[in-house]
Amino acid sequence: MERIESGILGLDKMIDGGFPLPSVILVGGEPGTGKSTFGMESLFYGAEKGEIGLYLSAVSEPPWVMQSFLSEFGFYNQKLVDIKKLVFVDLGEKLNSGGGVVLKEIQKNVELYSPKRIFIDPITAIQTMLESEMKYRKFLHELILYLKGQGCVTFITTEYSYRQVSTSMDAFMSDSVIMLSYLELENSRKKYLEVLKMRGTNHLTGKRSLVIDNSGMRVQPEFR
Ligand SMILES: Nc1ncnc2c1ncn2[C@@H]1O[C@H](COP(=O)(O)OP(=O)(O)OP(=O)(O)O)[C@@H](O)[C@H]1O
Ligand SMILES: [Mg+2]
């Protein structure tokens, strides 16, 4: 199976060397656990190596706001954005127009840029717009089917707690599920990463300590 390196320090050795290609990876976690940082660091890593990364934003803020947060990180490289190795697209306006329109907008951009890594952040905004569980399931099914045909890795973030992930259909439908979380320990909060599922991969299980600093993220070999 072909794989691509994640670009997240410490992660590849937990997952047999990298993400299977193609695959759809659900990145779940509560607010502030590091979901957006995870996807963006991987996209910049790929772009540094000449790949094209496509960031599809479903948050209600313009791309420059996200870029200004990201510019604090060492992995952020404005030049890659300027030469469109890393493309920021705002799905915002389409989010009131139904699943079909959003899907078409995603397809249009994928065809325009032929990205190797795609990042949809967060899917929760699309889920809220679609209102019914059935519409969301149909949307997700079509989206995943389409993305798997593109020979790329797609990250999809979702605002989840551990309680929700075990019954969620998006976790069932994705090839992989990575959970980010935090725990309060002695008056401080520690962040964690856990690979819950990765199809075709003999991955390590259990929570690993996750450190975020100005250089980006790294996964530590232990829980501590
Ligand atoms: N330069 C930095 N140094 C250390 N920690 C940082 C830095 N920048 C961000 N963080 C940490 O990362 C967290 C934000 O991560 P991120 O925005 O990726 O989370 P998220 O899961 O996408 O959140 P949301 O659900 O709100 O979108 C911050 O709450 C902070 O704890
Ligand atoms: Mg985020």
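In region 40-92 the Cα-Cα distances spread across 5 Å bins starting at 0 as 5, 22, 33, 26, 12, 2, 0 percent of all pairs. Working from Cα pairs under 8 Å separated by at least six residues, relative contact order for region 3-219 is 31 percent.
Estimated translational diffusion coefficient (Stokes-Einstein, Kirkwood radius over Cα pairs, 10 °C, 1.306 mPa s) of the chain: 90 µm² per second.
Taking all protein chains into account, the per residue accessible area for the chain stands at 48 Å² (1.4 Å probe). Think of each Lys and Arg Cβ as +1 and each Asp and Glu Cβ as -1; about the Cα centre, that makes the dipole of the chain roughly 380 debye. Extension gain, GLU61-SER209: 0.36 nm per intervening residue step, less the Cα-Cα distance, totals 50.3 nm. Please report the carbon-and-sulfur percent of the accessible area for the chain; probe 1.4 Å, protein heavy atoms only, DNA, RNA and ligands left out. Ligands and nucleic acids excluded, carbon and sulfur give 51 percent. Among the chymotrypsin sites (Phe, Trp or Tyr not before Pro) in region 173-224, those located in a DSSP loop and surrounded by at most 14 other Cβ atoms within 10 Å of their own Cβ are PHE223.
The values are calculated or read from the model by the stated rules, or taken from the named source; none is laboratory data. Just so you know, these numbers come straight off a predicted model, no measurement behind them. Note that each Cβ is placed from the backbone with ideal geometry, even for glycine, and that neighbours are counted across all protein chains shown. With ligands, DNA and RNA removed, areas are computed over all heavy atoms of the protein, side chains included. Shrake-Rupley method; radii C 1.70, N 1.55, O 1.52, S 1.80 Å.
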